[in-house]
Structures are given as C-alpha cells and as structure tokens.
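Working notes for the structure below.
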Amino acid sequence: MASLHTLTLLLISTNLHLFGASSSNSNGYDDFLECLTDQFHRSNSPTDTIYTPQNATYATLLPSHNPRLASVLPRRPDLIVTPFHVSEIQASIHCSRVLNLQIRVKSGGHDYEGLSYASASAPFVIVDMRNFRSVSIDEKAKTARVEVGTTLGQLYYTISRTSKTLAFPSGVCPTVGVGGHFSGGGYGMITRKHGLALDHIVDAKLINTDGEILDRKSMGEDLFWAIRGGGGSSFGIVLEFTVTLASVPETVTVFNVTRMLEENATELVDKWQHIADKVDENLLLRLFLSPTNSPATGNITVAASFTSMYLGGARDLLPIMEEQFPELGLTEDDCKEMSWVESVLFFANLDDQPLDVLLDRTPAGSFYFKGKSDYVSAPIPVNGLREIWNFLMEGERSSLQLQLQFSPYGGVLNTYSDHETPFPHRRGNIFMIHYSVGWFNLNESEAGIRWIRGLYGYMARHVTQNPRAAYFNYRDLDIGRNNDAGNTSYDQASVWGLKYFKNNFKRLVRVKTKFDPSNFFRNEQSIPVLGM
Ligand code: FDA
C-alpha cells in the first residue's frame, strides 16, 4: 500500500473540498458509480476496484459460508468497492454521503449476522478492506502494525516467521478478519494470560465521516476508547491497528481430553465451573459440549471435550492439573508439546497441514449457522447441567449440528476495570457460553432456530441478568435490531447496547453523537446518536 501520507496529500489537493457536502438529490447507483468514477479519476485510482451485480466477480466477493443470512438480511449491496488506496475509501465515503447511501465496511466478513455485507432493507455499498493486509512487526519493541484486511491466520503466520517467543492473543479461527475482531473483542487460547486482542491496541488509524485520517493522537482518547470494543462500524472505517505482542515460551502444551456422560462428564463439568477462572493464568481450559453416539453403549450421550492450552511444558502442567483438577485424570500421553504457532494449527483443527495454510483466507465449508452468547457468574447447578444435556440430546435426534463452548474468564481479564474499554465482561465472570447450531438443508432452518432459542430461553435462570450480557463479536440480532438501519432512539438501541456494553453503552452513545452526529456510519445494531 502506498504511504497514507502521500495519498492523503493527493486527495487533499484534488477533491477534499467536496467532503462535508451532504445532499440527497439522487438515490441512483448510476449516480454513485459516476461520482466514484469521477473521484477515482481525480486521484488516479483504478476503476476496476468497483463491482456491480453485473460484474462476474461481484458474487465471489460476498461471503457465502452461512446461507441462513440470505433470509435474515436479504438485501445485498448494489456496489462493492475493494480499495487499494486510502483515497478510494475517502472517495467512497464522500459519494455515499453526497448521495445519501449507507456504507458497510467488511474486513474478514465473519460477522455472525452478516452486517458487513447485507442489510434488512436499506440500500448500501460495501467498502471491502481485503486489500489492506500488510503486517509489519517490530520484534525489538514487541509491537505489530496490522492492516484491517489481515486475517488472524496471516497475523499468526507473520509473527511466527519473526520470532518463536512472540504471539498475539486473539481468536482461534484463522480466516476471521482483524477489522471486526479487534474492534469488537478478540478472545483466544492465551486470553487468560494475555487478555483480549482489544487490550493490546496501542494506536489505530481511522477515516471519519469527513474523510480525515485520524490516529490515536488526532482522534483523541474518547474515540480511541470507543473503537476498542465498541466495534468500528459505528464510528468510521478503521485502516489499521498497532498492537503490542505477547511473550510466550518456546514450548507450550496442548491437550484435548473428552469424557462422555457415562464417564462422569457431568461431575467433571461441575468441578470445571469451580476452577476454570481460578487456575494458573498460564492455563486455559476451554470446554466444548456436543451430543454424540456413545462408542460404549451406542446410545446418544454428551461429549465434554476439555480443549486446553498451557503456556509452558508438560512437566509443569501435570502437577497443576493434579492439584487443581485431578478428577480429569490428565496423563503425560494426553499432552502434546509444541510451539505457539503450532498450537494455533492444533486448535483450528489444521495440525496435519503445513504452516502456510494459515494464509488461506477462505472459510472452510458452507452451512446454515446461528450463534448466541451468555455470561455465567455463578456455577450452573448439576440439575441445570442435566437439563442442558437434554437439550443437546434432543437436538441430536433431529440431525442438527449442536455445540456449546464454555470459555473460561479470570486471569488477567480480572485486572481490567469494566469501563477501561467498552468491553465490560471482566471480573466476576466465570465463563462465557457460546451456543451454536448448524444445519445443511434449508428445510431444517426452523428446527435449528427453534432449538437455539429454546435453550437460550431455558438458560435465563442460570446466566447473568439485568442486563443479560452478550459478547458483541458473537453478534445476535435476536437481542434487538433496527430493521431499516435508520436512526435508532437511545431507548431502542439500549435493548441490545446494554447487553453488549453494560454501562459503557452510555459513553459509546456520547462518543458517537460527538464524532458522527449525522449517524452516517450505521447498521441494524449500531450505536445511536442522542436526540435522533
Ligand atoms: P466483518 O468484516 O464481517 O466485520 C464485522 C463487523 O465489524 C461489521 O459490523 C463490520 O462492518 C465491522 N468492521 C469490519 N471491519 C471494519 C473496519 N475496518 N472499520 C470499521 N468497522 C469494521 N471471536 C472471538 O473472539 N474468538 C474466536 O475464536 C472467534 N472465532 C470465530 C470463528 C468463526 C468461524 C466466526 C464466523 C467468528 C468467530 N469469532 C470469534 C467472531 C469474530 O470475532 C467476529 O465475527 C468478528 O467481528 C469478525 O471480524 P471480521 O472482520 O472477520 O468480520
């Protein structure tokens, strides 16, 4: 990518005077195309980065890994821009403002409800950041500058080519994009020791509604605070983040131990709830629960898989497990020692692949999917766990793909105050629940959605309340939405805003009102502007 500075100057000298103009004399995409082509011409940008539905490439730019979204948010963009240069992003913002069109920003395209590439009804254009994907690592300073179109896999790969003892605490799926992931959270297998991705952001570059490029200093601490957990999409288009890297030992240990109900899984999960947030912070014991056929009895049962990461060797891990969780019966044979980046492959189920598989940007497979989240602050009683097993086994009979993930909190997450960043789920949470249901045929959609909503309804008695919290990066339109992505009132938006951000929602609204008073950057679940 050419230097931001050069391109900014180029733009300033050619067409910046047009920013700030806002009239709605037309809503035609021909006008938008004409405006964009004109702007591109002025800044010497190639026009083959603009795709209309008539273009064969258009469909390939839209994520297709979750066909459920075709019915949730049926409207697709009338135009996709895949900029290489900042001036092209500025031109897209300018033309959208002049012609009163919404913009959706897409980095990795993994939004659970497709908000980066679809809308319920509002016409819009996509700015697809896939070409902004350079990563530069400063090994000495232990920092990285990461453009938003980078995938987590590319980031992990690049770090590993530089150092064996540097790492980054973010998600497990390598095809997730930095733009959405970092600005909304970023939980991964070293989070109990090193926090979330957003906890590591020390600087950012963002383009605002006026097309100005702001860094931390020029945007100020309020806006910088907001884009570290409040999501980028309500505030502007983030270009890049500068993050601190985490130091890890050369050898880490992973294991995946599975126990069925007939192997005391219920008692193990019960015990897990009492220790998962308290064990040594180098240890992250993640728990996956899914229905399966028991190899022993042939009957439907529940498999509890303790999928874990320890920042150190097996010799140090085994005594910790023996002391804290002897019931699991972890043995040396269960443990695998490896480098941190090999553990990335292990947790992504790619351990039989070469390292450069991390550079693959295409999500594996396509299936109907719905996810939801909850937070747990007091252990779920054993009879509650049994009720959850019934939901899982019931679903198994209908051939849905069901899974619950219990992701432990505690560790360093407890050291941040709830308002240090917009991400409020800190001290007091034992674990986060991720509910997921998948299916392969359209005619299973009703059963899939009914199942997940049924379980979520049941779980109300076991999870945090007032508000019932949710993880912003596991976006869920069930918890509230504005259908036409228009101007949402504070009260309407607080229905979902308080769940994602708790008391930080109010500050997010104030920041939004100050920095985007015309509510240009908006979607079905964006932060509202006061007084609209
Ligand atoms: P996408 O491009 O769809 O963007 C998501 C949101 O961010 C949209 O609202 C979009 O407009 C906005 N946005 C994106 N780029 C922006 C930019 N440059 N400027 C402003 N706004 C921008 N989470 C987790 O914490 N740990 C995990 O392990 C996983 N694993 C995982 C696996 C899979 C298969 C999926 C589908 C998702 C996850 N997630 C996750 C959730 C993930 O963190 C979440 O969906 C992120 O928002 C995805 O970011 P993308 O950039 O890929 O999405």
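The set of residues in the range 188-215 being open to solvent by less than 10 Å² (accessible area, probe 1.4 Å) and near the ligand (Cβ under 10 Å from one of its atoms) consists of Gly188, Thr191, Leu196, Ala197, Leu198, Ala204, Leu206, Ile207. Of the residues making up the range 99-126, those that are of a type outside the set (Ser, Thr, Tyr), more than 6 Å from the ligand (Cβ to nearest atom) and within 18 Å of the chain's Cα centre (by Cα) number 3. Would you check if there is a residue in the range 415-423 being open to solvent by 10 Å² or more (accessible area, probe 1.4 Å), part of a helix (DSSP H, G or I) and modelled with pLDDT of 95 or more? Scanning the range 415-423, I find at least one residue that is open to solvent by 10 Å² or more (accessible area, probe 1.4 Å), part of a helix (DSSP H, G or I) and modelled with pLDDT of 95 or more, so the answer is yes.
Among the residues of the range 241-255, the ones that are within 16 Å of the ligand (Cβ to nearest atom) and open to solvent by 10 Å² or more (accessible area, probe 1.4 Å) come to 1 in all.
Here Asp351 meets the list (1) in contact with a helix residue (DSSP H, G or I) (Cβ under 6 Å, 6 or more places away or on another chain); (2) open to solvent by less than 10 Å² (accessible area, probe 1.4 Å) almost entirely, failing just condition (2).
Might you check whether a residue that is within 16 Å of the ligand (Cβ to nearest atom), small (Gly, Ala, Ser) and either at pLDDT 95 or above or buried (at least 22 other Cβ atoms within 10 Å of the Cβ) (or both) occurs anywhere in the range 370-379? Yes, some residue in the range 370-379 is within 16 Å of the ligand (Cβ to nearest atom), small (Gly, Ala, Ser) and either at pLDDT 95 or above or buried (at least 22 other Cβ atoms within 10 Å of the Cβ) (or both).
Filtering the range 302-320 to residues that are surrounded by 22 or more Cβ atoms within 10 Å (Cβ to Cβ) and part of a strand (DSSP E or B) leaves Val302, Ala304, Phe306, Ser308, Met309, Tyr310. Could you tell me whether the range 327-348 includes any residue that is hydroxyl-bearing (Ser, Thr, Tyr), open to solvent by less than 20 Å² (accessible area, probe 1.4 Å) and at pLDDT 95 or above? Yes: one or more hits. In the range 168-183 there is at least one residue that is under 20 Å from Arg507 (Cβ atoms) and within 12 Å of the ligand (Cβ to nearest atom).
For Phe406, the stated conditions hold: it is of a type in the set (A, V, I, L, M, F, W, C) and within 23 Å of the chain's Cα centre (by Cα).
Within the range 99-116, the set of residues being open to solvent by 30 Å² or more (accessible area, probe 1.4 Å) and modelled with pLDDT under 95 comprises just one member, Asn100. Of all residues in the range 130-167, those satisfying the criterion of being closer than 29 Å to Thr60 by Cβ and in a loop (DSSP other than H, G, I, E, B) are Phe132, Arg133, Ser134, Val148, Gly149, Thr150.
Just name the residue that is nearest to Asp351 (Cα to Cα) out of those in the range 160-175 that are aliphatic (A, V, I, L, M) and surrounded by fewer than 24 Cβ atoms within 10 Å (Cβ to Cβ). Among them, the one singled out is Val172.
The values are calculated or read from the model by the stated rules, or taken from the named source; none is laboratory data. Keep in mind that this is a model prediction, so the values were computed, not measured. FYI the Cβ positions are ideal-geometry reconstructions off the backbone, even for glycines, and counts take in every protein chain you see. Note: accessible area is taken over every heavy atom of the protein model, side chains too, but ligands, DNA and RNA are not part of it. Shrake-Rupley method; radii C 1.70, N 1.55, O 1.52, S 1.80 Å.
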